[in-house]
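Chemist: Quick one: structure below, then a few questions.
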Amino acid sequence: MSAAQNPPTENQVKSSKNWYTSWFDTPYYHILYKERNYREAQVFMDNITHYLNLPEKAKVLDLACGKGRHSIYLNQLGFDVLGADLSENSIEEASKNTNETLHFKVHDMREPFEEKYDAIFNLFTSFGYFENDEDNLTTLQAIKESLSEYGFAVIDFMNVAHVLETLVPEETKTVDEIEFHIKRYLKDGHIYKEINFEDKGQKFHFTEKVKALTLPDFEQLMEEAGIYLLDIFGDYKLKKFHKTDSERLIMIFK
């Protein structure tokens with residue numbers, strides 16, 4: 001029986017300490033976001049790997065890789081890839097694609113890796129989840145420690161100003177016959193997304209919560225971590241970053 005046919009009970013969901021641990025480990029997370037534009041993501045990875053001029057067979061870390069779709073694509077581009085994620089279910093699924101130059105492991109991004117990487121990618125706003133703000137600095141330090149001498153890291157984050165300008169406070173999305181009722185708002189320096197739905201007679205409620213980090217916030221964190229911010233882009237075609245108009249905040253550092 002698949003996970004979607006056998007959903008977690010409310011007690012199982014509530015027993016998890018952090019929202020991201022429980023939500024990312026459910027099949028519903030992947031159902032809700034199944035229509036994400038992965039072609040756009042591939043264009044981004046084509047552009048960013050070309051910009052970084054990564055050598056053939058470079059060692060690449062996809063940090064917070066989910067089910068590994070982008071790790072797989074990076075591997076197809078010719079890189080030796082490790083996909084790492086906190087979600088055991090996601091890594092179990094991703095590991096079905098393992099080969100000689102593509103591996104996956106469960107890992108907390110606050111912990112550095114023993115191995116060093118030529119490039120570390122943290123894609124699609126996979127940062128700023130932690131309850132403790134200090135953990136954001138710890139994560140940046142761990143990324144820095146995991147880079148090789150000539151390595152580069154990339155964080156692709158939302159552009160908070162643009163998100164708040166275009167925020168849809170409430171909407172309903174129907175995916176796979178499940179009605180997801182979604183609310184979005186800014187509170188205490190975090191952008192919240194509340195998700196309510198019902199499936200097989202059971203009611204579910206999840207909350208996504210991401211720190212509303214702006215470029216100055218990242219610059220301060222990077223300074224504290226001893227990181228050099230080398231370049232900033234505003235979209236997946238690597239156009240110049242504009243603080244209000246750009247959809248993304250893409251930072252290249254080492």
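Every number in this text was worked out from the coordinates using simple rules, so none of it is lab data. Since this is a predicted model, take the numbers as computed values, not measurements. Glycine also receives a Cβ, built like all others from the backbone with ideal geometry; neighbour counts cover every protein chain displayed.
Chemist: Which residues' amide hydrogens lie under 5 Å from the amide hydrogen of residue 104, considering only partners 5 or more residues apart or on another chain, with H built in the peptide plane?
Modeler: 83
Chemist: Could you give me the ³J(HN,Hα) list for the range 200-210, computed from phi with Karplus coefficients 6.51, -1.76, 1.60 and θ = phi - 60°, whole Hz, x at Gly and Pro?
Modeler: With the stated coefficients, the range 200-210 comes to 6, x, 10, 9, 10, 9, 10, 10, 8, 9, 10 Hz.
Chemist: Now for a different question. Helix 38-52 versus the longest principal axis of the chain: what angle, 0 to 90°, nearest 10, using Cα atoms?
Modeler: The helix 38-52 is inclined about 20 degrees to the chain.
Chemist: Run the numbers on the range 111-154 and let me know its relative contact order in percent, using alpha-carbon pairs under 8 Å that are six or more apart.
Modeler: That works out to 64 percent.
Chemist: Another one. Counting other Cβ atoms within 10 Å of each Cβ, which trypsin sites (Lys or Arg not before Pro) in the range 38-84 have at most 12 and sit in a DSSP loop?
Modeler: Of the trypsin sites (Lys or Arg not before Pro), the ones in loops of the range 38-84 whose Cβ has at most 12 other Cβ atoms within 10 Å are 57.
Chemist: For residue 117, enumerate residues with amide H under 5 Å from its amide H, sequence gap 5+ or separate chain, H modeled in the peptide plane.
Modeler: HN-HN under 5 Å from residue 117: 147, 148.
Chemist: Follow-up. Just check the range 109-168 against the gyration tensor rule for me: Cα atoms, a ≥ b ≥ c as the square roots of the eigenvalues, rounded for a/c under 1.5, and otherwise prolate or oblate depending on whether a/b exceeds b/c.
Modeler: It is oblate, given that a/c is not under 1.5 and a/b is not larger than b/c.
Chemist: Is the C-alpha gyration tensor of the range 140-211 telling us rounded, prolate or oblate? Criteria: a/c under 1.5 is rounded; beyond that, a/b larger than b/c is prolate, otherwise oblate.
Modeler: Prolate is the answer for the range 140-211, as a/c is 1.5 or above and a/b outweighs b/c.
Chemist: OK, next. If you work out Cα extents along the principal axes in Å from the coordinates, which of (1) 45, 42, 40; (2) 54, 42, 32; (3) 55, 38, 31 do you get?
Modeler: Among (1) 45, 42, 40; (2) 54, 42, 32; (3) 55, 38, 31, the one calculated here is (2).
Chemist: While we're looking at this one, here's another question. Could you work out the longest stretch of the chain that avoids the chymotrypsin sites (Phe, Trp or Tyr not before Pro) located in DSSP loops with at most 15 other Cβ atoms within 10 Å?
Modeler: 34-227
Chemist: Give the long-range amide H neighbours of residue 190: residues separated by 5 or more places, or on another chain, with amide H under 5 Å away, using H modelled in the peptide plane at 1.01 Å from N.
Modeler: Residues meeting the criterion, in which the H sits 1.01 Å from N, are 212.
Chemist: While we're on this one: What are the ³J(HN,Hα) couplings of the range 144-156, residue after residue, when phi is run through the Karplus curve with 6.51, -1.76, 1.60 and θ = phi - 60°? Round to Hz, x for glycine and proline.
Modeler: Going residue by residue, I get 4, 5, 8, 8, 6, 4, 10, x, 10, 10, 10, 10, 10 Hz, with x marking Gly and Pro.
Chemist: Per-residue HN-Hα couplings for the range 220-230, Karplus 6.51 cos²θ - 1.76 cosθ + 1.60 at θ = phi - 60°, whole Hz, x for Gly and Pro?
Modeler: In residue order, the calculated couplings are 5, 4, 5, 4, 5, 8, x, 9, 9, 7, 9 Hz.
Chemist: Which percent, to the nearest 5, of DSSP beta bridges fully inside the chain are antiparallel?
Modeler: Roughly 65 percent of the beta bridges in the chain run antiparallel, per DSSP.
Chemist: In whole percent, what relative contact order does the chain give with Cα contacts below 8 Å and a gap of six or more residues? Present the calculation step by step, with values, prior to reporting the outcome.
Modeler: Details: 452 pairs, mean separation 41.0, N = 254.
That works out to 16 percent.
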